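The next block holds one structure in the form of structure tokens; read it before the comments.
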Amino acid sequence: MLILHNAHHDGKKPGTAIAAVFGVGLIGYHLVQNLCQRRYSIVHSLPFSWHSSSHRKKENSDILDCIRKLIKNPAHVNRIDFVWSAGKGGFGMSQDDTQAELDVFSEVLEMSMTVCREHPSCQVRFHMISSAGGLFEGQRNVNAHSQPAPKRPYAFLKLAQEKILDDGNGLVRLIYRPTSVYGFAGLHRRMGLIPT
């Protein structure tokens with residue numbers, strides 16, 4: 001996971017924006033590149049274990065400590081963004097894999113709510129990359145009134161994550177549902193639709 005920082009001055013008062021990005025794969029990589037083009041800089045690259053909850057407990061604590069250190073003067077912090085573009089599974093994931101991933105998602109969401117409670121004067125936003133392709137698989141003419149009808153474990157996972165996020169008190173919650181992810185995969189990254 002990566003923590004990015006953007007300290008800016010608008011001529012009137014100083015301000016700081018922080019972004020914690022979980023998942024730097026096909027989508028997350030491009031999100032980070034875009035943030036860097038908008039004057040963010042990567043200040044921390046921290047480990048984030050998928051399969052070891054005991055490791056994650058320490059890692060989550062380290063991530064929170066790094067964010068707290070960046071918030072030197074809470075009056076100058078405008079916004080903290082948590083971005084969930086992570087996931088070890090795709091359309092082919094099994095039912096057994098979904099609970100572990102849901103648990104990890106819940107931990108990151110709890111981390112964001114901790115920051116929100118500790119810094120009530122700061123806007124804390126949680127961005128989740130979901131999946132229109134999964135949630136509306138097989139449907140035609142999907143629009144704003146269409147209801148998700150998951151068919152695979154992956155889609156049920158995404159819907160469960162969206163519902164958990166809806167309960168995130170105090171957070172600004174943003175859910176993005178890309179239809180299909182196109183593009184080449186780098187080393188150790190999941191492949192997009194076209195290369196597959």
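Note on the range 126-160: residues that are open to solvent by less than 30 Å² (accessible area, probe 1.4 Å) and charged (D, E, K, R) amount to 1. Output the number of residues of the range 95-116 satisfying the condition of being of a type outside the set (D, E) and closer than 16 Å to K57 by Cβ. Matching residues across the range 95-116 total 8. If only residues of the range 32-53 that are among the small types (G, A, S) and over 13 Å from V104 (Cβ atoms) are counted, the one that is least open to solvent (accessible area, probe 1.4 Å) is S41. Can you confirm whether the range 63-85 contains a residue that is in contact (Cβ under 8 Å) with a residue 40 or more places away in the chain, within 16 Å of the chain's Cα centre (by Cα), assigned to a loop (DSSP other than H, G, I, E, B) and surrounded by 14 or more Cβ atoms within 10 Å (Cβ to Cβ)? There is at least one residue in the range 63-85 that is in contact (Cβ under 8 Å) with a residue 40 or more places away in the chain, within 16 Å of the chain's Cα centre (by Cα), assigned to a loop (DSSP other than H, G, I, E, B) and surrounded by 14 or more Cβ atoms within 10 Å (Cβ to Cβ). Considering the range 7-29, the residues that are at pLDDT 90 or above and of a type outside the set (A, V, I, L, M) include one that is surrounded by the fewest Cβ atoms within 10 Å (Cβ to Cβ), namely Y29.
Every condition in (1) surrounded by fewer than 21 Cβ atoms within 10 Å (Cβ to Cβ); (2) free of Cβ contacts under 8 Å to residues at least 40 places away in the same chain; (3) farther than 23 Å from R79 by Cα is met by E110 except one, and the failing one is (3). Scanning the range 109-162 for residues that are more than 20 Å from the chain's Cα centre (by Cα), aliphatic (A, V, I, L, M) and modelled with pLDDT of 90 or more yields a single hit, A149.
Summed over the range 141-179, residues that are assigned to a loop (DSSP other than H, G, I, E, B) and either in contact with a helix residue (DSSP H, G or I) (Cβ under 7 Å, 6 or more places away or on another chain) or not basic (K, R) (or both) total 19.
The values are calculated or read from the model by the stated rules, or taken from the named source; none is laboratory data. Because the structure is predicted, anything quoted here is derived from the model rather than measured. Glycine also receives a Cβ, built like all others from the backbone with ideal geometry; neighbour counts cover every protein chain displayed. Keep in mind that these areas ignore ligands, DNA and RNA; they rest on the heavy atoms of the full protein, side chains included. Shrake-Rupley method; radii C 1.70, N 1.55, O 1.52, S 1.80 Å.
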